[in-house]
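*Asks:* Submitted below is the structure of interest, expressed as structure tokens.
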Amino acid sequence: MTAKPTAGAPPARAGDTDRPGGASPDGQPAVQVSRLTKRYGEIEAVRGIDFEVRSGETFGFLGPNGAGKSTTIKILCTLAIPTSGSATVAGYDVTRDRDTVRRNIGLVFQDTTLDTYLTGAQNLEFHADLYAVPKKAVAPRMHQVLEMVGLWDRRNSLVSTYSGGMQRRLEIARGLLHAPRVLFLDEPTVGLDPQTRSSIWEYINDLKRREDITIFLTTHYMDEAENCDRIAIIDHGKIVAIDTPEALKASVGEDRVQIQTADDPAAIEALATNFGLGAAMHDGAVTFSVPSGEQFVPRLFAELAVPIQSVSVSRPSLDDVFMSYTGKTIRDAEASGTDRMRTMVNAWRRRG
Amino acid sequence: MATEVTAPADTGGRELSETIRVLVPEPNIRQDLRAAAIVWRRELIRFRSDRLRVITGLIQPVLFLFVLGTGLSALASHGLPAGVDFKTFIYPGVLAMSVLFTAIFSAASIVWDREFGFLREMLVAPVSRAALVVGKCLGGATVATFQGIVFLILAGFAHVPYNPVLMLTLIGELLLLSFTLTAFGVMMAARIKQIQAFMALTQMLVMPLFFLSGALYPLTGLPAWLAVLTRFDPLTYIVDPMRQAVFSHLNLNPVAVHQLAPGITWAGWLVPVWLSLAIVAAMGLGMLMVAIIEFRKTE
């Protein structure tokens with residue numbers, strides 16, 4: 001096999017810190033999907049989706065369980081055959097060039113796919129042999145990926161003795177072992193506690209700095225989607241929105257401002273007459289929306305006659321984005337106490 | 001747990017970009033062999049780490065040989081030529097039994113792997129499904145044969161001589177049997193997704209197979225219905241060659257040998273040992289092919 005013009009050639013590495021949105025290094029999209037559908041009997045899991053993932057990008061698929069995320073990822077990983085439409089990964093067709101696609105992708109599944117009766121190192125050796133990693137490259141590459149996820153010292157322990165977070169890290173290391181061009185992470189932190197989740201994300205972000213790789217992930221955690229360069233929101237087998245997290249949030253528009261005052265009805269009255277804002281009581285606070293919260297607050301203090309006791313400004317979250325595009329919140333998002341975003345979201349839900 | 005990322009040191013950076021380029025080659029036969037070899041090796045690693053399995057695998061055959069064999073020997077001695085122990089007679093059949101469960105449990109680990117996800121790691125790899133299935137079958141065969149060899153060590157207690165030729169013959173036959181049984185198990189595991197269902201089905205099949213194989217009685221002088229059933233049992237075609245091997249290494253007169261190991265007959269025609277073994281091998285290969293086809297299917 002001839003060396004593919006991967007973007008890792010020394011001159012191109014200068015672009016390590018390039019944010020996607022700039023031109024992709026070799027011009028070819030890492031993933032290209034057009035008019036893709038997948039039907040299981042009567043159920044249409046994916047209903048004609050189109051999108052492109054640029055090389056080097058971190059691309060997130062955000063949606064509730066059953067939205068078609070896993071089906072799409074299965075098709076892209078050659079584990080399922082599309083009913084119609086086409087998809088290419090790393091430039092290869094997922095149905096025609098199945099093995100070539102497989103050699104160019106790394107996979108981390110939602111459920112663990114480790115052999116817990118083997119050691120961490122044995123799991124990686126198994127993978128190296130299945131992916132025919134050149135024998136000379138196995139040891140250094142193994143060292144490298146295990147160091148990267150902080151498991152080098154535990155490599156000779158049985159995987160059954162690993163914690164959930166360690167297992168997930170080992171899977172990420174294994175997915176990277178054969179230096180794939182695209183790494184698929186299907187719900188990479190599902191079932192992990194918040195602290196472990198954020199540590200997994202540290203490893204993923206570190207990985208983006210170190211390796212020249214495209215990351216495709218699915219998630220139903222809003223805060224996780226924030227880590228992506230671009231997000232596609234998928235619901236009922238269709239993509240309803242696709243853009244950067246910032247742009248998506250901007251499309252929802254306004255920040256929410258909540259104030260507590262000495263005299264709430266007077267404040268509402270004043271907001272209407274002085275600023276032309278429609279405010280209402282929610283959660284025991286005067287609540288209203290403005291395009292730019294931080295810029296509005298100084299004016300508010302200066303011009304509102306009613307004394308203000310406290311102010312809080314919240315940006316639109318991806319949950320708001322999801323809600324505005326689909327008309328509902330992500331149904332099964334689990335709340336976790338330490339998660340600021342989540343608390344905010346919950347507060348928003350209670351309000352609604 | 002450490003949440004700190006190991007510092008991407010400046011020295012490491014250069015080193016990293018050097019080793020990053022791993023060029024995974026086009027699929028070829030060498031790659032498939034390497035994949036089959038690692039699947040085989042994994043079977044051995046797992047068997048080695050599970051010493052309890054060797055012991056539990058021995059319990060049933062030991063019970064059959066020493067408890068049933070001893071208990072029935074006084075009764076059975078009337079039908080046996082002088083100086084022949086009933087334990088010696090049933091030894092080949094019980095030896096076959098000693099690999100039965102190990103081989104099928106090996107295949108059951110596919111169902112297990114499916115449940116715990118590891119099967120997926122194998123199925124998405126850029127190697128042929130044939131390589132995986134062959135590796136698995138050979139792995140199961142190796143492990144089961146090893147289990148058989150442990151039981152073979154007890155041959156002396158059944159007055160079976162430790163003759164090197166006999167031992168090698170029996171090991172070869174055990175290997176063939178183990179391979180066929182694992183292929184059978186793998187074929188079933190391709191379809192059956194629940195471990196409980198798999199276990200229930202194999203339990204349901206294994207005991208009749210064992211009892212109909214002539215492991216515990218000679219194939220002559222049976223009522224017609226039983227005679228027919230024994231001829232349809234694939235195990236019969238491996239138990240008989242094993243018994244012939246054992247009895248040809250005992251110092252017995254030909255009449256006694258004929259009485260105890262008369263061979264398999266089809267409507268009076270004596271099936272030669274080579275054909276018997278070929279039948280078992282052909283069944284193993286056939287089931288292997290079916291398993292490969294089953295595992296090639298994609299959603």
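*Asks:* What are the ³J(HN,Hα) values, in whole Hz, obtained from phi via the Karplus relation 6.51 cos²θ - 1.76 cosθ + 1.60 with θ = phi - 60°, for each residue of segment A:309-322 in sequence order, with x given for Gly and Pro?
*Replies:* In residue order, the calculated couplings are 8, 7, 9, 9, 10, 10, 6, x, 9, 5, 4, 4, 4, 4 Hz.
*Asks:* If you don't mind, there's one more thing I want to ask. Considering chain B, what Rg and Dmax in Å follow from its alpha-carbon atoms?
*Replies:* Spelled out, the Cα radius of gyration and Dmax of chain B are 23.2, 86 Å.
*Asks:* Sticking with this structure for a sec: Can you run phi through the Karplus equation (6.51, -1.76, 1.60; θ = phi - 60°) for segment A:225-237 and list ³J(HN,Hα) in whole Hz, with x for Gly and Pro?
*Replies:* With the stated coefficients, segment A:225-237 comes to 4, 4, 6, 8, 6, 9, 10, 10, 8, 10, 8, 6, x Hz.
*Asks:* Is there a simple number for the mean count of other chain Cβ atoms within 10 Å of the Cβ of residues in A:131-140, and what is it?
*Replies:* Counting other chains' Cβ atoms within 10 Å and averaging over A:131-140 gives 5.
*Asks:* Can you give the FRET efficiency for B:Leu68 and B:Met199, using 1/(1 + (r/R0)^6), R0 = 22 Å, r = Cβ-Cβ distance, to the nearest 0.05?
*Replies:* 0.40
*Asks:* Moving on. Under 15 Å from a label point 7 Å along Cα→Cβ of A:Thr116: give me every residue in segment A:129-158 with its amide N that close.
*Replies:* Under cut-off, by backbone N: A:158.
*Asks:* Another question, then. Looking at the protein assembly as shown, send over the antiparallel percent of its DSSP beta bridges, to the nearest 5.
*Replies:* Bridges in the protein assembly as shown are about 65 percent antiparallel.
*Asks:* Can you give the calculated 222 nm mean residue ellipticity of chain B, where each DSSP H run of n ≥ 4 adds -39,500 (n - 2.57) and the sum is split over every residue, rounded to the nearest 500 deg cm²/dmol?
*Replies:* Theoretical 222 nm ellipticity from helices: -23000 deg cm²/dmol.
*Asks:* Here's another thing I want to ask about it. Using only Cα atoms, figure out Rg for segment B:244-299 and give it as a multiple of 2.2 N^0.38 Å.
*Replies:* After normalising by residue count via 2.2 N^0.38 Å, the value is 1.78.
*Asks:* May I pose another question? Please enumerate, by chain and number, the lysines with C-alpha under 20 Å from the C-alpha of A:Lys238, excluding those fewer than 8 residues away in the same chain.
*Replies:* A:Lys38, A:Lys69, A:Lys74, A:Lys249, A:Lys328
*Asks:* Let me ask another. Loop-only trypsin sites (Lys or Arg not before Pro) in segment A:93-186, please: DSSP not H, G, I, E or B, and at most 11 other Cβ atoms within 10 Å.
*Replies:* Taking segment A:93-186 and a limit of 11 other Cβ atoms within 10 Å, the loop trypsin sites (Lys or Arg not before Pro) found are A:Arg96.
*Asks:* Go ahead and collect, in residue order, the members of segment B:112-155 whose backbone nitrogen is under 14 Å from a label point 7 Å along the Cα-Cβ direction of B:Leu44.
*Replies:* B:135-136, B:138-147
*Asks:* Here is a follow-up. Select from segment A:170-225 those chymotrypsin sites (Phe, Trp or Tyr not before Pro) which occupy a DSSP coil region and have at most 16 other Cβ atoms within 10 Å, ordered by residue number.
*Replies:* Sparse-neighbourhood loop chymotrypsin sites (Phe, Trp or Tyr not before Pro): none present.
*Asks:* Normalising by the residue count of segment A:145-301, find the relative contact order in percent from Cα pairs under 8 Å and 6+ residues apart.
*Replies:* 14
*Asks:* Please average, across the residues of A:223-232, the number of beta carbons from any other chain that are within 10 Å of each residue's own beta carbon, and give a whole number.
*Replies:* 0
*Asks:* Then there's this: If one computes the Cα centroid of segment A:121-175 and of segment A:214-258, what distance in Å separates the two points?
*Replies:* So the two Cα centres are separated by 32 Å.
*Asks:* Out of the trypsin sites (Lys or Arg not before Pro) in segment B:211-299, which ones are loop residues according to DSSP with at most 16 other C-beta atoms within 10 Å?
*Replies:* Hits after loop and neighbour filter: B:Lys297.
*Asks:* So how long is each side of the protein assembly as shown along the principal axes, counting just the alpha-carbon atoms, biggest first, in Å?
*Replies:* In descending order, the Cα extents are 119, 56, 46 Å.
*Asks:* Now for a different question. What nm distance separates the two modelled labels at A:Thr83 and B:Ala37, each placed 7 Å from Cα along Cα→Cβ?
*Replies:* Calculated label separation equals 4.5 nm.
Each value in this text was obtained by applying a stated rule to the coordinates, not by laboratory testing. Every value quoted in this text rests on a predicted model; they were computed, and no experiment measured them. With ideal geometry, Cβ positions are generated from the backbone for all residues, glycine too; neighbour counts draw on all protein chains shown.
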